[in-house]
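To start, the structure itself, in structure tokens.
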Amino acid sequence: MSSFIFVRERRKVEKGEKRPRFRVVGTTGDIKIHAEHARKCELDEIARVSGARIVYLPSNGDGKEGMKKSE
């Protein structure tokens, strides 16, 4: 079974702001992340090294936007 990292975009971060953009919602498998907020490049590196897949959850709350999985 492969591991997954579930993330969503933070609501209070503006475009161009120098703060982490993503909120880690949860993980599966043997992955434990000790930070609540992460940058995309950090998530990509964690996924690359650990062999996990990142699942971007919708952040708009209306349920119309589907989940996007990175390969």
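Pairing residues of segment 28-48 that are on the phi < 0 side of the Ramachandran plot and among the basic types (K, R) with residues that are surrounded by 12 or more Cβ atoms within 10 Å (Cβ to Cβ) and at pLDDT below 90, at Cβ distances under 8 Å and at least 6 apart in sequence or on separate chains, gives R39/P20; R39/R21; R39/F22; K40/R21; K40/F22. Filtering I5, I31 for residues that are within 21 Å of P58 (Cβ to Cβ), among the hydrophobic types (A, V, I, L, M, F, W, C) and either surrounded by fewer than 16 Cβ atoms within 10 Å (Cβ to Cβ) or touching a helix residue (DSSP H, G or I) at 6+ places or on another chain (Cβ under 7 Å) (or both) leaves a single hit, I5.
The values are calculated or read from the model by the stated rules, or taken from the named source; none is laboratory data. Everything quoted here is computed from the prediction, not taken from an experiment. Note: ideal-geometry Cβ built from the backbone for every residue, glycine included; neighbour counts use all protein chains shown.
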